[in-house]
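**Q** So that we are looking at the same thing, I have put the structure below in structure tokens.
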Amino acid sequence: MTLNIIIADDNPGDQYLLRQSILDLNPMHRISSVYHGAQLLELLLKKGQYANISDGLPDCIFLDLRMPVLDGFESLMELKANDILKEIPVFILSSYILTNEKINQICLKAAGFYYKTSDYDKLKINVAAILKKMQVQMQ
């Protein structure tokens, strides 16, 4: 099964590691990347520089919490408040240390929360768990 995935992360190195781990698990997945929440919303709503893109909605979004312009918290709230976008599964991947209460609040809106790590093998395990969850949801 091929997925259409968006990575929203302001760190190019983290974007690269996420992209590589996804493609290592399935080289057929389609991946788009943006650097902050405002770009994510523009891409999803086909506005601004993304007005001429004909891609449909993604199957899922990998979202970092700490980004400039519009952070992951704000982005998640905007996504879930939009009737068109609210059904897209959003997986939080962040190195931001949160309290259990805050993680629980986020998980009410997100499909999952995973700590982002620079250890590629551990990151790949998290990505594999997300992709497996997506496959189960799409069956």
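Read the figures in this text as sums done on the coordinates, not as results from a lab. All of these numbers come straight from a predicted model, not from anything done at the bench. Neighbour counts are summed over all protein chains in view; Cβ atoms, including those assigned to glycine, are modelled from backbone coordinates with ideal geometry.
**Q** If the cut-off is 27 Å between C-alpha atoms, which lysines fall inside it for LYS132, apart from same-chain ones fewer than 8 positions away?
**A** Once the sequence-local lysines are set aside, what remains near LYS132 is LYS80, LYS86, LYS102, LYS109, LYS116, LYS122, LYS124.
**Q** A follow-up question, please. Connecting C-alpha atoms closer than 10 Å in a GNM of the chain, tell me which of VAL127, VAL34, VAL69 has the biggest fluctuation.
**A** VAL69
**Q** Convex hull over the alpha-carbon atoms of the chain: what's its volume per residue in Å³?
**A** Spread over its residues, the Cα hull of the chain gives 109 Å³ apiece.
**Q** If every alpha-carbon in the stretch 1-75 counts as one equal scatterer, what log10 I(q)/I(0) does Debye give at q = 0.18 1/Å?
**A** The Debye formula, applied to the Cα set alone, gives -0.70.
**Q** Quote the charge dipole size of the stretch 37-81 about the Cα centre in Debye, to the nearest 20; the model charges only the Cβ of Lys and Arg (+1) and of Asp and Glu (-1).
**A** 100 debye
**Q** Tell me, LYS80, LYS132 in order of fewest to most beta-carbon neighbours within 10 Å?
**A** The most exposed by this proxy come first: LYS132, LYS80.
**Q** Would you work out the charge dipole size for the chain about its Cα centre, treating the Cβ of every Lys and Arg as +1 and the Cβ of every Asp and Glu as -1, and quote it to the nearest 20 debye?
**A** Dipole magnitude for the chain comes out near 240 debye.
**Q** Relative contact order (percent) for the chain, with alpha-carbon contacts under 8 angstrom and 6 or more residues of separation?
**A** 24 percent
**Q** Moving on to the next point. How much mean residue ellipticity at 222 nm does the chain get from its helices, if each DSSP H run of length 4 or more adds -39500 (n - 2.57) and you divide by all residues, to the nearest 500 deg cm²/dmol?
**A** It lands at -14000 deg cm²/dmol.
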